[in-house]
Amino acid sequence: RLVVCNAITKRRRHCLVAHLMLNLANVLNAKMMATLLSRRYKSITLSFHNYQQHLPAIIGARSSYYSSSAAATPHYQEAAYNNNRDDDQSPPQPFPYESYNPTNPDPNYPSLGPTSKLNLFQSINSALHTSLSTDPTAILFGEDVAFGGVFRTSQNLREEFGSQRVFNTPLSENGIAGMAIGYASVGGTAIGEIQFADYIFPAIDQIVNEMAKFRYRSGNQWSCGGVTLRTPCGAVGHGGLYHSQSPEAYLCHTPGLVVVMPRGPRCAKGLLLSSIRCKDPVIFLEPKILYRSAVEEVPDADYEIPLGKAEIMQKGTDVTIVGWGAQLRRLQLACDLASKEGISCELIDLRTLLPWDSETIIRSVKKTGKLIVSHEAPITCGFGAEVAATLQQECFFHLEAPIQRVAGYDTPFPLVAEKYYLPDETKNLDAIRKVMELAK
């Protein structure tokens, strides 16, 4: 910090720039800071030099943006988005997976005008485009983000918004999280990408001890609520040990964070826009197997889906089934199979895991008397355990059978045996049959 302060003082930089640099010095790891400081000051912190003379205006723009009433309600203006971004230059589909088209779309979604058929990565790209278009302080960064990202979620954004707002970072997840905290702490909107959720663990110290506690430890004088960390998660068909993990339970044990996981393109766009505009730091987990396989009609407009609110995908009377992310596809198949046996399932997508919508689940379980929670992550200490414990406490006298959990095994994620590891529709159908039998 002294080195940074001296470098700034010698060049008589604006005090606000000094504050930004000191925040960065606090949150960037030593290795990354050494790399950055070895460059000329004008290029330090990956393009921040272009913001030196504009920082007061940037922060003022953000304050003005969030002071408007529109920031708290859905924006219905048209978003300038090129729906043909996945052109012939895109790499071929990286993994074979059957198309996912939900059979029970939520009828409560507002009518937002024209729609486009998008897959998940195009939907994410649309949300990022909208954010960069509507918020002049928003920047997007991460490993390989500038050329479009390994899953093409940032495709064409650097060309449209410039290399000062969409840029690559060194291979340091700790540094990505730290830089996001530093930028957000002075009023900017930081959208960072961790290339795979499996690699978020080097950034855990920044996320848990800095990002989540930033407002609390300063007595509400400082905030890094402008941070959104996006990261692909979950099974992919061939990911093995280090490209298949679902770390949501680790993150949900951290007060001060918001943790979100969409199940498809339509809710992904609305949830991501809400996350980016949220006043708390958000970890946005994107099920990577759905990037190309999940296809839905997505509104072209700028819209938000409330965080912390579950969605009832299918109403039922016999058993409540709760899941999130890519698991909803398998659960929908299980519900369809169960309906052929005369079992009526109420299927609920949590969408936001922290804070999670316990009230919606409680109301459902009081009606059905039975609960199944299903997720990809290992069963021990998985987030399903929290859901089960809460419902056991709140609905004990309404339960007609023990709560069932259907999840991954307590082993590292396998490569060849992946299809046996995943809690597929067959395992979930077995749980439905079991809970119905126990309730007799």
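Note down the magnitude of the dipole of segment 311-438 about its Cα centre, charges +1 on Lys and Arg C-beta and -1 on Asp and Glu C-beta and zero elsewhere, to the nearest 20 debye.
For this selection, approximately 160 debye.
Could you state the orientation-averaged shadow area of the convex hull built on the Cα atoms of segment 179-267, in nm² to one decimal?
6.5 nm²
In whole percent, what relative contact order does segment 311-438 give with Cα contacts below 8 Å and a gap of six or more residues?
Once divided by the residue count of segment 311-438, the mean separation gives 28 percent.
In debye to the nearest 20, how big a dipole does segment 113-299 give about its Cα centre with +1 on each Lys and Arg Cβ and -1 on each Asp and Glu Cβ?
380 debye
Counting other Cβ atoms within 10 Å, which chymotrypsin sites (Phe, Trp or Tyr not before Pro) in segment 139-179 have at most 14 and lie in a DSSP loop?
When the chymotrypsin sites (Phe, Trp or Tyr not before Pro) of segment 139-179 are filtered for loop state and at most 14 Cβ neighbours within 10 Å, F147 remain.
Compare the Cα positions of L333, A385, S358 along the charge dipole of segment 311-438 (+1 at Cβ of Lys, Arg; -1 at Cβ of Asp, Glu; about the Cα centre) and return the one farthest towards the positive end.
L333
Work from the charge dipole of segment 113-299 (Cβ charges, +1 for Lys and Arg, -1 for Asp and Glu, about the Cα centre) and give the residue of I191, H238, L118 farthest towards its positive end.
The Cα lying farthest towards the positive end belongs to L118.
Give me the mean projected area, in nm² to one decimal, of the convex hull enclosing the Cα positions of segment 362-419.
4.3 nm²
What is the extension gain from K440 to T390, computed as 0.36 nm multiplied by their sequence separation minus the C-alpha to C-alpha distance, in nm to one decimal?
Gain on extension, K440 to T390, equals 15.6 nm.
Select from Y420, F396, I432 the residue farthest towards the positive end of the dipole of segment 311-438; place +1 on Cβ of Lys and Arg, -1 on Cβ of Asp and Glu, and compute about the Cα centre.
I432
Using the structure shown, list the pairs from K117/K434; K288/K340; K367/K427; K340/K366; K288/K309 with a Cα-Cα distance above 29 Å, or answer none.
Beyond 29 Å between Cα atoms: K117/K434; K288/K340.
Near the amide H of A301, under 5 Å away, which other amide H atoms are found, from residues 5 or more places off or on another chain, if H is placed in the peptide plane?
Residues meeting the amide H criterion: A79.
Laboratory data are not the source of any read-out in this text; all were calculated from the coordinates shown. Keep in mind the model is a prediction, meaning the values are calculated, not measured. Note that each Cβ is placed from the backbone with ideal geometry, even for glycine, and that neighbours are counted across all protein chains shown.
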